[in-house]
Structure formats: structure tokens, C-alpha cells
1. Among the residues of segment 53-65, are any outside any strand (DSSP E or B) and more than 23 Å from T6 (Cα to Cα)?
2. Take segment 15-66 and flag every residue that is in contact (Cβ under 8 Å) with a residue 40 or more places away in the chain and touching a Lys or Arg at 6+ places or on another chain (Cβ under 9 Å).
3. Filter segment 1-18 for residues that are in contact with a strand residue (DSSP E or B) (Cβ under 9 Å, 6 or more places away or on another chain) and not in a strand (DSSP E or B); which is modelled with the lowest pLDDT?
4. More than 13 Å from F76 (Cα to Cα), touching a strand residue (DSSP E or B) at 6+ places or on another chain (Cβ under 9 Å) and either open to solvent by less than 80 Å² (accessible area, probe 1.4 Å) or among the hydrophobic types (A, V, I, L, M, F, W, C) (or both) - does that describe any residue in segment 50-58?
5. Report yes if some residue within segment 19-36 is touching a Ser or Thr at 6+ places or on another chain (Cβ under 7 Å), part of a loop (DSSP other than H, G, I, E, B), among the aromatic types (F, W, Y) and surrounded by 13 or more Cβ atoms within 10 Å (Cβ to Cβ); otherwise report no.
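The values are calculated or read from the model by the stated rules, or taken from the named source; none is laboratory data. Small disclaimer: the values here were computed from a predicted structure and weren't measured. Quick reminder, even Gly has a Cβ in these numbers, built from the backbone with ideal geometry, and neighbours come from all protein chains shown. For accessibility, only protein heavy atoms count, side chains too; no ligands or nucleic acids. Shrake-Rupley method; radii C 1.70, N 1.55, O 1.52, S 1.80 Å.
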Amino acid sequence: MKTDVTYQGLMKFRRRPTRVEAMHFLSSNSQEVSEWCSGSISMNVDGIYILTFSTNDGTREAHFGDWIIKEPNGAFRVIPDVEFYVNYEEVDQ
């Protein structure tokens, strides 16, 4: 798992063997990620920011550190940071 997290914008990754687009949801890029997946950002009762967006399977929530992926069929999913690094590797643009 990467420990030196810096914002790099939209990057392309593939899940062996499927290619997806992905954005790491961080405080520094929250607005960009929200616009990308047509989501909205709100604060829960504990003061934690949450990204909420709709999918074919219902509404999903992401927290800072999660990855939002866009699958080849256009569907968005939330992937926890550790799971993302286990299953995905960066590919050339």
C-alpha cells in the first residue's frame, strides 16, 4: 500500500484484467471527484465529509481515502483504499 499520498488528478488503472478510470477521494480534490461522478458532498453528524452518488444499484457513500472507479459500462463504485491497491495497478494513459 502506498503511504505517500499526493493528489495527481484523474489517473487510469486496470483491475486484472479490466481497465477502469479511478479517482482517489481526498480533501484536496473532493469537488473534482464529486463533479466527475455527479455526486454531492455533505457532512455527517460526526463532522466527517461524505461523498454521496447514485448508481444502478442505489446510492453509495465514500469517505476520504476511498477510491471511486468508473467501470467500462459507465457504472461508478466505491473501493476502500487497501482493496484498491490489492486489486488494481496503474496503466499508461
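1. Yes, some residue in segment 53-65 is outside any strand (DSSP E or B) and more than 23 Å from T6 (Cα to Cα).
2. Correct list: R19, V20, E21, A22, M23.
3. R16
4. There is at least one residue in segment 50-58 that is more than 13 Å from F76 (Cα to Cα), touching a strand residue (DSSP E or B) at 6+ places or on another chain (Cβ under 9 Å) and either open to solvent by less than 80 Å² (accessible area, probe 1.4 Å) or among the hydrophobic types (A, V, I, L, M, F, W, C) (or both).
5. Within segment 19-36, not a single residue is touching a Ser or Thr at 6+ places or on another chain (Cβ under 7 Å), part of a loop (DSSP other than H, G, I, E, B), among the aromatic types (F, W, Y) and surrounded by 13 or more Cβ atoms within 10 Å (Cβ to Cβ).
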